[in-house]
């Protein structure tokens with residue numbers, strides 16, 4: 001005899017909580033109420049930015065920007081993203097400003113020819129753009145959304161990076177094999193007190209050349225120590241080396257009083273690594289730098305304290321961008337010539353099982369939550385974004401999200417940014 005609907009319905013309703021509990025994992029990613037987080041993916045061949053909702057894991061919208069967007073920088077204190085549009089080799093580039101509170105395009109800032117890199121200072125008030133086609137560095141005042149100074153360089157710059165302490169701008173030229181260091185006067189925002197009038201913001205002063213170094217053939221992918229910004233490392237792919245630089249200490253600082261040698265910038269070493277080192281990845285604590293040796297299929301580990309190359313271990317084909325987890329335990333490397341993401345347990349000194357994710361993985365970015373619940377990996381060939389779930393039982397491919405043609409950069413911002 002078949003049970004009637006009146007008998008089945010109460011049974012199913014009573015069993016529903018048990019069924020849901022059985023399908024729920026205790027460590028399934030969760031976020032606080034009211035939390036919003038979006039990934040911004042620059043699609044170089046589509047002239048768009050895809051906005052991914054990382055709470056609901058879906059495409060939020062697509063924003064038309066300038067031609068050939070190649071990089072994205074975030075403002076650390078304001079809900080804005082800056083998309084660098086390289087345009088064509090014969091035309092000037094631009095920076096598209098996206099309001100990340102409502103995911104809309106709010107401004108376009110002209111820059112010079114063939115921009116290759118953009119870096120925002122720690123105050124969120126200044127951006128620096130390396131213009132390869134114009135032999136210049138553009139200085140952008142972000143509140144007014146305009147270029148306020150142009151620094152002319154001796155050779156085409158391909159990288160501009162502001163140090164975490166905001167005192168140094170590092171400019172690399174892969175064509176000339178040079179690295180230039182500029183002194184930056186930090187910008188103080190306007191302030192006020194209960195007992196006095198508001199003080200004016202300090203006038204933005206253009207950076208001034210402080211030192212220059214040669215011999216880093218193909219110079220690219222610089223990193224600077226996060227703690228005190230006193231060292232920089234730059235990949236030299238044409239000579240299979242990494243250049244280590246000592247950056248000058250701040251005037252009247254304790255390190256300078258202790259050691260007068262730190263008053264100026266110095267080249268510390270040219271370190272031999274694998275073949276064609278193209279990307280450097282630094283641990284969040286600044287203890288080690290990992291070198292992606294594209295033609296060796298390997299990673300070299302550099303101690304930032306001793307400036308020495310330690311272990312070298314094999315990964316997949318043509319390792320490219322890397323990222324280290326916030327707890328400094330796992331290195332993730334995109335194997336751009338394969339379909340995998342390589343993992344390396346740093347403390348244990350051993351490789352972990354790779355994750356198969358797509359045809360040509362490249363750019364990487366973690367979500368902003370403390371647990372880093374997801375790692376996003378862009379696939380240049382397929383135009384997809386692999387969502388890697390970070391869980392106690394180990395990382396695994398969780399979902400694939402569509403982006404546009406040739407995604408080249410990912411930046412992630414939540415509504416929990418510092419004011």
- Message: Give me the mean projected area, in nm² to one decimal, of the convex hull enclosing the Cα positions of region 345-411.
- Response: 5.0 nm²
- Note on the structure: Gyration tensor on Cα atoms of region 78-123, a ≥ b ≥ c root eigenvalues, a/c under 1.5 rounded, else prolate if a/b beats b/c, else oblate, says oblate
- Query: If r is the Cβ-Cβ distance from residue 61 to residue 149 and R0 is 35 Å, what FRET efficiency results, to the nearest 0.05?
  - Reply: 0.55
- Taking Cα pairs closer than 8 Å and at least 6 residues apart, the relative contact order of region 310-419 in percent is 17 percent
- Unit-weight point scatterers at every alpha-carbon of the chain, Debye formula, q = 0.06, 0.12, 0.13 1/Å: log10 I(q)/I(0) is -0.27, -1.01, -1.19
- So which residue, out of 350, 78, 283, gets the largest mean-square fluctuation from a GNM of the chain using Cα contacts under 10 Å as springs? 350
- Query: Which residue, 159, 264, 50, has the most motion in a Gaussian network model of the chain that connects Cα atoms within less than 10 Å?
  - Reply: 264
- Estimated 222 nm signal from helices in the chain, with DSSP H stretches of n ≥ 4 weighted -39500 (n - 2.57), rounded to 500: -2000 deg cm²/dmol
- Inter-label distance for residue 77 and residue 359, nm, one decimal - labels placed 7 Å from Cα along Cα-to-Cβ: 4.4 nm
- Given the options 358, 316, 394, which has the most mean-square fluctuation in a GNM of the chain, springs set between C-alpha atoms less than 10 angstrom apart? 394
- Message: Counting other beta carbons within 10 Å of each residue's own, what order do 356, 152, 321 fall into, fewest first?
- Response: 152, 356, 321
- If all Cα-Cα distances of region 99-187 are sorted into 5 Å bins from 0 onward, what percent lands in each bin, rounded to whole numbers? 3, 15, 25, 24, 17, 10, 4, 1, 0
- Message: Could you work out the relative contact order of the chain? I mean the mean sequence separation of Cα pairs under 8 Å and 6+ apart, divided by the number of residues, in percent.
- Response: 11 percent
- Task: Can you bin region 279-419 into rounded, prolate or oblate? Criterion: square roots of the alpha carbon gyration tensor eigenvalues sorted a ≥ b ≥ c, rounded for a/c under 1.5, prolate for a/b above b/c, oblate for the rest.
- Result: oblate
- Task: Could you state the angle between the C-alpha long axis of helix 5-23 and the longest principal axis of the C-alpha atoms of the chain, as a value from 0 to 90 degrees rounded to the nearest 10?
- Result: 30 degrees
- How much length is gained if the chain between residue 345 and residue 285 is pulled fully straight, taking 0.36 nm per residue apart and subtracting their Cα-Cα distance, in nm to one decimal? 20.0 nm
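No value in this document is a laboratory result; all are computed from the given coordinates. Owing to the predicted nature of the structure, the values given are computational and were not obtained by experimental measurement. Cβ atoms come from the backbone with ideal geometry, glycine included; neighbour counts cover every protein chain shown.
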